[in-house]
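First the structure, which I've put down as structure tokens, then a few questions once you've had a look.
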Amino acid sequence: MSAQLSDPLLRLRPVREEDLLQVLEIEEAVYPFPWTLGIFQDCLRVGYCCWLAALDEQVIGYGVMSVVIDECHILNLCVHPDWQGRGLGRKLIERLLKIARQHGAESAFLEVRESNLAALALYGHLGFVEIGRRRGYYPAVDENREDALVMSLELLATSAVRNK
């Protein structure tokens, strides 16, 4: 794909029901144990913040986040393999965190596979820090389980720094 992230056709917008088949295609292309269509439908039904990146009408990435009281939880962040490494994941998570702040969230949480070095680098660059580990959290292809690193970001602190 030759388009750049500055392409005027690139948009970040809320996910709609009719987008879910494209979202699911990306999910299945990236993850060995993907979410199902039903999980995505439930996320929309319960009002989670579900955003996507689209080039024209082609979905190329998405993120799902819940916000409860003063916390948000990034539940899923995924970029089509052809678009990885171009800053799209960062754009998506920054949009989600902005929405979380607007909803009054003071901290953000997420889990990430310990083997997902690209995601760990992104989250670290954004200021997330490891606060724990969930042993055997993720299924693995060899019938074993993989640990998840639990990461946190204080949103009030990052908002104050950006507003200076």
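The values are calculated or read from the model by the stated rules, or taken from the named source; none is laboratory data. Because the structure is a prediction, the values reported are computed rather than measured. Side chains included, ligands, DNA and RNA excluded: accessible areas come from the protein's heavy atoms. Shrake-Rupley method; radii C 1.70, N 1.55, O 1.52, S 1.80 Å.
For residue 74, what accessible surface area do you get with a 1.4 Å probe? Give it in Å², rounded to 10.
Answer for residue 74: close to 10 Å² accessible.
Measuring with a 1.4 Å probe in the full set of protein chains, what accessible area per residue, in whole Å², belongs to the chain?
55
Something else now. Which shape class, rounded, prolate or oblate, goes with the chain when its Cα gyration tensor gives a ≥ b ≥ c as root eigenvalues, a/c under 1.5 marks rounded, and past that a/b bigger than b/c marks prolate?
Rounded.
For the range 96-142, which whole percent of the accessible surface, found with a 1.4 angstrom probe, sits on carbon and sulfur atoms?
For the range 96-142, the apolar C and S fraction of the accessible surface comes to 52 percent.
Follow-up question, since we're still on this one. Can you tell me the Rg and the Dmax, both Å, for the Cα atoms in the range 52-91?
11.8, 36
Turning to a different aspect of this structure: Need one number: % antiparallel among DSSP beta bridges in the chain, to the nearest 5.
90
Ignoring ligands, DNA and RNA, what percent of the 1.4 Å accessible area of the range 21-76 is carbon and sulfur?
55
How long are the semi-axes of the equivalent ellipsoid of the range 33-73, defined as square roots of 5 times the Cα gyration tensor eigenvalues? Whole Å, largest first.
Computed over the range 33-73, the values are 20, 14, 9 Å.
Given all pairs of different Cα atoms, what value in angstroms does the Kirkwood hydrodynamic radius of the range 40-110 take?
Over the range 40-110, the inverse of the mean reciprocal pair distance is 12.4 Å.
Got a sec to turn the phi values of the range 128-134 into Karplus ³J(HN,Hα) couplings, 6.51 cos²θ - 1.76 cosθ + 1.60 with θ = phi - 60°, whole Hz, x for Gly and Pro?
Listing the rounded values in order: 5, 10, 6, 10, x, 9, 10 Hz.
If you split all Cα-Cα distances of the range 7-83 into 5 Å bins from zero, what percentages do you get per bin, shortest first?
3, 15, 29, 25, 16, 8, 3, 0
Kindly provide the helix-only [θ] at 222 nm of the chain, computed as the sum of -39,500 (n - 2.57) over DSSP H runs of four or more divided by all residues, to the nearest 500 deg cm²/dmol?
My calculation for the chain gives -10000 deg cm²/dmol from helical runs alone.
So between residue 90 and residue 56, what do we pick up on full extension, going 0.36 nm a residue minus the alpha carbon distance?
Net length gain for the segment: 10.3 nm.
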